[in-house]
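Encoded as structure tokens, the structure appears first; notes follow it.
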Amino acid sequence: METIHVADRVFTAWDAAPVEDGAVVVVRDRIGAVGPYEELRERFPQARVRRWPGSLGPARTHDGPLPDAPSPRERVHAVLKRGAVAVLAAYADSPALRAAAERNDVAVVAAARAARLTESVRADLAVFDAAGECVATVCAGRLVHRRR
């Protein structure tokens, strides 16, 4: 089943102009469509709708050491709570951290990537409120963090 993630503003890239009252359709682990909510709701009438406050765009790459936490799993989850779905290989430097990242579909990359929200790419999204705090993170199509 599809999910439509709706936000006040949707950015296909963080340096692009936003789509006001925009939306992203997620089909399994891929982006099915990006555009104005009303158009996508007509195209995908059976989809579940998740409405988020703030700005939705591509999830980030965490470009520093992973936050301190009691376990590798919790360190990876702390990254997800910040709107990142990728970490730099230089900082995922133990087998336990790499395994925790893999179990959570967090990519381990050599360098930060410039992500875009376009059809058919992996559905990695993040939503931020006006203060820049992460409201929600979608990693490979799964909602892995939402602020209550």
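Give the residue that is farthest from ARG142 (Cα to Cα), with candidates limited to residues of region 1-20 that are assigned to a strand (DSSP E or B) and open to solvent by 50 Å² or more (accessible area, probe 1.4 Å). Checking each candidate, the answer is GLU20. The strands (runs of 3 or more DSSP E) found wholly in region 51-110 and carrying at least 3 residues that are in contact (Cβ under 8 Å) with a residue 24 or more places away in the chain occupy 60-62, 84-88.
One line per residue, one yes/no per condition, for (1) out of contact with any Ser or Thr (no Cβ under 8 Å at 6 or more places or on another chain); (2) under 22 Å from VAL135 (Cα atoms):
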position: ALA16; (1), (2): yes, yes
position: ALA47; (1), (2): no, yes
position: ALA92; (1), (2): yes, no
position: ALA111; (1), (2): yes, no
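The residue of region 123-148 that is farthest from ILE4 (Cα to Cα), among those that are small (Gly, Ala, Ser) and open to solvent by 40 Å² or more (accessible area, probe 1.4 Å), is ALA131.
Scanning region 111-148 for residues that are free of Cβ contacts under 8 Å to residues at least 12 places away in the same chain, of a type in the set (Lys, Arg) and not in a strand (DSSP E or B) yields a total of 1.
Just to be sure, is SER120 surrounded by fewer than 13 Cβ atoms within 10 Å (Cβ to Cβ) and either at pLDDT below 95 or among the polar types (S, T, N, Q) (or both)? It is true that SER120 is surrounded by fewer than 13 Cβ atoms within 10 Å (Cβ to Cβ) and either at pLDDT below 95 or among the polar types (S, T, N, Q) (or both). Just one residue in the set ALA23, ALA111 is of a type outside the set (Val, Ile, Thr) and open to solvent by less than 60 Å² (accessible area, probe 1.4 Å); that residue is ALA23. Residue-level check: of (1) at pLDDT below 95; (2) within 14 Å of the chain's Cα centre (by Cα), ALA59 misses just (1). A Cβ distance below 8 Å, combined with a sequence gap of six or more or placement on separate chains, defines the contacts here; from region 16-30, residues that are within 11 Å of ASP124 (Cα to Cα) reach residues that are among the polar types (S, T, N, Q) and not in a strand (DSSP E or B) in the pairs ARG30/SER120. Might you check whether a residue that is within 27 Å of ARG9 (Cα to Cα), among the hydrophobic types (A, V, I, L, M, F, W, C), under 18 Å from the mean Cα position of the chain (by Cα) and surrounded by 14 or more Cβ atoms within 10 Å (Cβ to Cβ) occurs anywhere in region 97-107? For region 97-107, residues within 27 Å of ARG9 (Cα to Cα), among the hydrophobic types (A, V, I, L, M, F, W, C), under 18 Å from the mean Cα position of the chain (by Cα) and surrounded by 14 or more Cβ atoms within 10 Å (Cβ to Cβ): present. Evaluated against (1) modelled with pLDDT under 95; (2) of a type in the set (A, V, I, L, M); (3) in a strand (DSSP E or B), VAL24 falls short on exactly one condition, (1). Scanning region 27-50 for residues that are part of a strand (DSSP E or B) and either of a type in the set (Asp, Glu) or within 13 Å of the chain's Cα centre (by Cα) (or both) yields a count of 2.
The values are calculated or read from the model by the stated rules, or taken from the named source; none is laboratory data. Keep in mind it's a predicted model, so treat the numbers as computed, not measured. Positions of Cβ are backbone-derived with ideal geometry, glycine not excepted, and every protein chain shown enters the neighbour counts. Areas reflect the complete protein model, heavy atoms only, side chains present, ligands, DNA and RNA absent. Shrake-Rupley method; radii C 1.70, N 1.55, O 1.52, S 1.80 Å.
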